[in-house]
Amino acid sequence: MIGREFLHAPGPTHIPQVVLNAMNRQPLDLVDDRLKEIAKSCFEDLKDLFRTQGHVFIYAGNGHGSWEAVLGNICAQGDTVLVPIVGHFAHEWADHARALGIKTQTIEGDWRRGIDPARIEEHLRRDTDRRIKAVLAVQVDTATSLSCDVQAVRRAMDAAGHPALLVADAVASLGAMPFEMDAWGVDVAITASQKALMCPPGLAIVAANDKAVQIAQATPRFQRYWDWNTRIGDEYYTKFCGTMPEHHMFALRAALDLIKQRGLEAIFRSQRMLSGAVHQAVQAWSQAGALTFNVSAASERAVTVTTVRTAAGIDPDRLRTYAREKLGLMIAGGLGKLGGSAFRIGHMGSINEPMILGCLATLDLALKELGLPHGEGAVQAAIAHLARERAAG
Ligand SMILES: Cc1ncc(COP(=O)(O)O)c(C=O)c1O
C-alpha cells in the first residue's frame, strides 16, 4: 500500500511514534535502578489514571487476562457474580467466569441501551442470602459502543444494601473518559494497554482497593501468576511474578508521559469532540435508511468507538474488506449477535482531526464505490462539528 494505512479499529489503536521509539532499545538488567524507576513511576501514574489510592497490578496479558486476574483473586470456584449484559464483552466476561467454575447471574439488555440501575437494585434485593460476590460492570462495551454509568451501578448496589464488590471493565474507556475509581465506589477496575493507553497489546492492568485485596487474601486459589498477594510488596521480580515485560513497560512509560503532557481534561475534551464528528457523519449517512446507530440515545454513545448497524441486504464485512484492501482503511466488524449486521469505527487514543476526517471521508468513498445506500454530506457535517467545537475552545 502506497501512503499510510489508517487503523480505526477500537483496539489495538494507533501507537504514537514516541511510544514505538521507546521500545527500540536493549533490555536492562533486572536489578538496574533505571528499570525499577520506570516500573515504580508507571504504577504511581496508573493509580492517578484510575483515580485510586488502591493497589495496581500489571501483568503480561490482555483484557481477558485482566478478567481472569480479577475473577481468580476475588472468587473461589462455586462463587456467584452478577453481570448486567450491555453487549458482547459483558457476555464474554460472564462466559469467562463460568469457564473458571464461577456461577453467573445475568441481567439481559437489548444491547442498544444501558441496563436500568433499578433492575440491578431489584436483582440484588432478591439476593437475600447475599450469594452474589461481585457485580461485573462494563463501562464501554466495545461491541455495542454503549457507554454505561458505573456510578449508577454503585448507587443501585448501595440502595439494595448489598455487600458485593463492584468490578468495572474500563478496557475501552480508561484514559479517554472520566473514571473515578475511589469516588464512584469501584472496588476493582481493569484495563489493557492497547486502547486509549496507546501502547501495543500485551499488558493487562488491574487496580484494586484494600477491601478487594483483603477478600483476595481470604479466597482460596489454585493459580499463582495472577495472585495479588505475591505481587504486593516492593520487590519488582515478585511484583511481576518473574521477569518484567520490559519493552511493554518502556512503551507504557512513554504513553503515560504523553497523557500527562496533554492532561486528562484536554484528552476527554478531544475525545468528545472527535467522537462527535463521527456521530455527525453517521447521522448524515443514516438519512438513506440503510445505516443506523446501534446506540439509540446520543447520551449513551461511547466517545471511543461507534457501532453502526446495517440494514438487511447490506454486508458490512464486504464494506470492511473493501475499505481495507482497496483503500487502506481498517475498521472493525460486528461482534456476537451484531456479527454480519454492523461495523465499528474506533476513535480513541492517539487520534486527531486529520485522522478522523480521513477515516470518515474514506468510508464515504467506500460506500459510494460499493453503491451502498447512504445519506450525503457526512464529511461536511463532521467538519462543521469540528469547526464549531474548536471555535468554542
Ligand atoms: C470492553 C472490553 N473488555 C475486554 C476486552 C478483551 O480484551 P482483549 O482482547 O485484550 O483480551 C475487550 C477487547 O476489545 C473490550 O473491548
Practice problem: Identify, from the list ALA302, ALA311, ALA290, the residue that is aliphatic (A, V, I, L, M), more than 26 Å from ALA176 (Cα to Cα) and touching a strand residue (DSSP E or B) at 6+ places or on another chain (Cβ under 7 Å). | Solution: ALA290
Practice problem: Answer with yes or no whether LEU124 is of a type in the set (A, V, I, L, M), in contact (Cβ under 8 Å) with a residue 12 or more places away in the chain and within 12 Å of the ligand (Cβ to nearest atom). | Solution: no
Self-check item: Unmet requirement for LEU367, which otherwise passes all of (1) buried (at least 17 other Cβ atoms within 10 Å of the Cβ); (2) within 20 Å of GLN194 (Cα to Cα)
Solution: (2)
Self-check item: Flag if GLY11 is among the small types (Gly, Ala, Ser), surrounded by fewer than 21 Cβ atoms within 10 Å (Cβ to Cβ) and closer than 30 Å to THR321 by Cβ
Solution: no
Quiz item: Given the stretch 162-212, what strands (runs of 3 or more DSSP E) lie entirely inside it while holding 3 or more residues that are not β-branched (Val, Ile, Thr)?
Solution: 165-169, 203-208
Exercise. From (1) more than 15 Å from ILE190 (Cβ to Cβ); (2) within 16 Å of the ligand (Cβ to nearest atom), pick out the condition that doesn't hold for PHE57.
Key: (1)
Quiz prompt | Condition broken by SER350, with the remaining ones in (1) closer than 21 Å to GLU369 by Cβ; (2) of a type outside the set (Val, Ile, Thr); (3) open to solvent by 20 Å² or more (accessible area, probe 1.4 Å) satisfied | solution = (1)
Quiz item: Identify, please: which residue in the stretch 70-88 is away from the ligand (no atom under 16 Å from the Cβ) and not acidic (Asp, Glu) and is, among those, most open to solvent (accessible area, probe 1.4 Å)?
Solution: GLN77
Practice problem: For TRP67, state whether it is within 16 Å of VAL188 (Cβ to Cβ), buried (at least 19 other Cβ atoms within 10 Å of the Cβ) and touching an Asp or Glu at 6+ places or on another chain (Cβ under 7 Å). | Solution: no
Quiz item: So which residues in the stretch 139-155 are within 12 Å of the ligand (Cβ to nearest atom) and open to solvent by 20 Å² or more (accessible area, probe 1.4 Å), if there are any at all?
Solution: SER147, CYS148
Quiz item: Any idea which of (1) buried (at least 23 other Cβ atoms within 10 Å of the Cβ); (2) touching a Leu at 6+ places or on another chain (Cβ under 6 Å); (3) farther than 25 Å from GLY175 by Cβ is the one ALA382 doesn't satisfy?
Solution: (3)
Practice problem: Kindly provide the set of residues from the stretch 96-111 that are out of contact with any strand residue (DSSP E or B) (no Cβ under 8 Å at 6 or more places or on another chain) and either within 16 Å of the ligand (Cβ to nearest atom) or open to solvent by less than 10 Å² (accessible area, probe 1.4 Å) (or both), ordered by number. | Solution: HIS96, ALA99, LEU100
Practice problem: With the checklist (1) within 12 Å of the ligand (Cβ to nearest atom); (2) assigned to a helix (DSSP H, G or I) in hand, flag the one item ASP158 doesn't pass. | Solution: (1)
Quiz item: Do any residues in the stretch 179-195 that are open to solvent by less than 10 Å² (accessible area, probe 1.4 Å) have Cβ atoms under 6 Å from those of residues that are among the aromatic types (Phe, Trp, Tyr), where the two are at least six apart or on different chains, and which pairs are they?
Solution: MET181/PHE50; ALA189/PHE50
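The values are calculated or read from the model by the stated rules, or taken from the named source; none is laboratory data. For clarity, every value in this text was computed on a predicted model and none was experimentally measured. Quick reminder, even Gly has a Cβ in these numbers, built from the backbone with ideal geometry, and neighbours come from all protein chains shown. We work out accessible area using only protein heavy atoms, side chains counted, and drop any ligands, DNA or RNA first. Shrake-Rupley method; radii C 1.70, N 1.55, O 1.52, S 1.80 Å.
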